[in-house]
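Working notes, beginning with the structure itself.
The values are calculated or read from the model by the stated rules, or taken from the named source; none is laboratory data. Keep in mind that this is a model prediction, so the values were computed, not measured. Don't worry about glycine lacking a Cβ; one is built from the backbone with ideal geometry, like all the others, and counts go over all protein chains shown. Areas reflect the complete protein model, heavy atoms only, side chains present, ligands, DNA and RNA absent. Shrake-Rupley method; radii C 1.70, N 1.55, O 1.52, S 1.80 Å.
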Amino acid sequence: MTETIELVAPAKLTLSLRVTGVRDDGYHLIDAEMVTLDLCDRLAIDPAGDGLRLVGGGPDVPADADNLVMKALALTGRTAEITLHKEIPSQAGLGGGSADAGAVLRWAGFRDLEAASRLGADVPFCIDGGRARVRGIGEVLDPMPHVDRTLTLLVPPLSCPTPAVFRAWDDLGGPVNDESPNDLEAAALAVVPELAQWRDEFAASTGQRPTMAGSGATWFVDGEHPGPRRLVVRSTPVGWRPHLA
C-alpha cells in the first residue's frame, strides 16, 4: 500500500518584468524578479494511481490532460493520481498552474529547466521558489537573498490570458514601460481596458501606484490594505511550508 504525498504549491509574484526580445521560435525573452507567496494550492499525490481530481478552481481550470499538473507529470515520465486543491486565483498573473506544475517536478526530482520552461516561463522558478532573477524564457535562474515583504493583492473579476497579452505587446511594438516595472502592463490594458478602473481605485485607496502582477489581471502594492477582492500576502523563502493546524 503506497502512502499519499502532500505537496504545497506557493503562488508566484513577479515584482518586475522586462521583455528583452523575441526568439526565432516565437518565445519571448524576459528579465524579471520573482518571489513566492504564502498563498498556495495543495496537491495530494498517490504514486499508485492515475489521473487528476480537481477540488475548487474556476471553470477555466482544466481537469484533464490540458492541466499543467498533468503536463508536468508526463514530462517526468511518471504516473500518479493527483488531487489538486485550488486556492490561487486563475487567470490572475499569480502563476497558479505553474506553481502546481513546479510542485510536481520538485516531487519527481526533475531538474531540466529548459524542458520545464516549455510548459511555461514561470515553471522553472516555481520548482524551488523563494526569490530569484529569471531570464531567458524562464530557464535561467539566479537566486537572490530572501527579503521579508508584506503586500496586498487586488484580484479583479477579469480574465487576462497570457498569450493575448504577449500578442498585444508585439502589436504595440514591444514597448518598455518607464512608468511601471512591468513591461506587460500597457499590453494587458490594451487587452482588458477595464483593468485601469481597478488600478485607479486601488491607487486612490492606498496612496500608492499599483503594479501589475505578471500578465495580469492582479494589481499589487506594499503593505497591508485589506478590503473586497484583496489578499494580504507575504513573501516566502525557498523551502517554505505553511504551519498546519
Against the conditions (1) under 29 Å from R106 (Cβ atoms); (2) open to solvent by less than 40 Å² (accessible area, probe 1.4 Å); (3) at pLDDT below 95, where does L244 fall short? Just the number, please.
(2)
Any residue at all in the range 99-115 that's touching a Pro at 6+ places or on another chain (Cβ under 7 Å), open to solvent by less than 40 Å² (accessible area, probe 1.4 Å) and modelled with pLDDT of 95 or more?
yes
Kindly provide the set of residues from the range 138-160 that are at pLDDT below 95 and in contact with a Ser or Thr (Cβ under 8 Å, 6 or more places away or on another chain), ordered by number.
C160
Just one listed residue, out of E81, E87, is acidic (D, E), within 30 Å of D148 (Cα to Cα) and in contact (Cβ under 8 Å) with a residue 12 or more places away in the chain, and it is E87
Do any helices (runs of 4 or more DSSP H) entirely within the range 123-201 hold 2 or more residues that are aliphatic (A, V, I, L, M), more than 15 Å from the chain's Cα centre (by Cα) and more than 22 Å from P228 (Cα to Cα), and if so, which?
162-171, 185-191
Taking the range 2-24 as the search range and keeping residues that are hydroxyl-bearing (S, T, Y) and open to solvent by less than 60 Å² (accessible area, probe 1.4 Å), which one is farthest from P242 (Cα to Cα)?
S16
If you go through A80, A65, the only one that is more than 30 Å from L195 (Cα to Cα), open to solvent by 30 Å² or more (accessible area, probe 1.4 Å) and small (G, A, S) is A65
Considering each of A213, A187, A164, A203 in turn, give the residue that is within 30 Å of P145 (Cβ to Cβ) and free of Cβ contacts under 8 Å to residues at least 60 places away in the same chain.
A203
Could you list, in sequence order, the residues of the range 47-62 that are open to solvent by 40 Å² or more (accessible area, probe 1.4 Å) and either of a type in the set (F, W, Y) or at negative phi (or both)?
P47, A48, D50, R53, L54, V55, P59, D60, P62
Do we find a residue being assigned to a helix (DSSP H, G or I) and touching a Lys or Arg at 6+ places or on another chain (Cβ under 8 Å) anywhere in the range 204-217?
no
